[in-house]
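Structure record follows, encoded as structure tokens.
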């Protein structure tokens, strides 16, 4: 399994590292869960996906606050 860790600090380096590791994690674990039709494995992968989603939203909110000049409400 790729090393994917839950949570973490909201830094650019950590966000990029989590993204790379999560992509690798999904490539191996999600494919395996779907191919084997294993509900337990799929549940585990979905829990990791939920954590990744939460982390990225927290990172987005941090950027929206710190770099509000880059926000474009029309997008």
(request) Could you look through segment 4-15, keep only residues that are touching a helix residue (DSSP H, G or I) at 6+ places or on another chain (Cβ under 6 Å) and either at negative phi or at pLDDT 90 or above (or both), and pick out the one that is surrounded by the fewest Cβ atoms within 10 Å (Cβ to Cβ)? (result) 6
(message) Restricting to segment 21-38, give me the number of residues that are surrounded by fewer than 14 Cβ atoms within 10 Å (Cβ to Cβ), within 20 Å of residue 59 (Cα to Cα) and touching a residue at least 24 places away in the same chain (Cβ under 8 Å).
(response) 0
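Take segment 42-72 and flag every residue that is in contact with a helix residue (DSSP H, G or I) (Cβ under 7 Å, 6 or more places away or on another chain) and within 22 Å of residue 20 (Cβ to Cβ).
Filtering segment 42-72 for residues in contact with a helix residue (DSSP H, G or I) (Cβ under 7 Å, 6 or more places away or on another chain) gives 42, 45, 48, 52, 55, 59, 71.
45, 48, 52, 55, 59, listed by residue number.
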(request) Check residue 18 against each of (1) surrounded by 15 or more Cβ atoms within 10 Å (Cβ to Cβ); (2) modelled with pLDDT of 90 or more and name the one condition it does not meet. (result) (2)
(message) Conditions first: (1) modelled with pLDDT of 90 or more; (2) under 11 Å from the mean Cα position of the chain (by Cα). Residue 42 passes all but one, so which condition is the exception?
(response) (2)
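The values are calculated or read from the model by the stated rules, or taken from the named source; none is laboratory data. The structure displayed is predicted, hence computed values, not measured ones. Glycine gets a Cβ as well: all are built from the backbone with ideal geometry, and neighbour counts include every protein chain shown.
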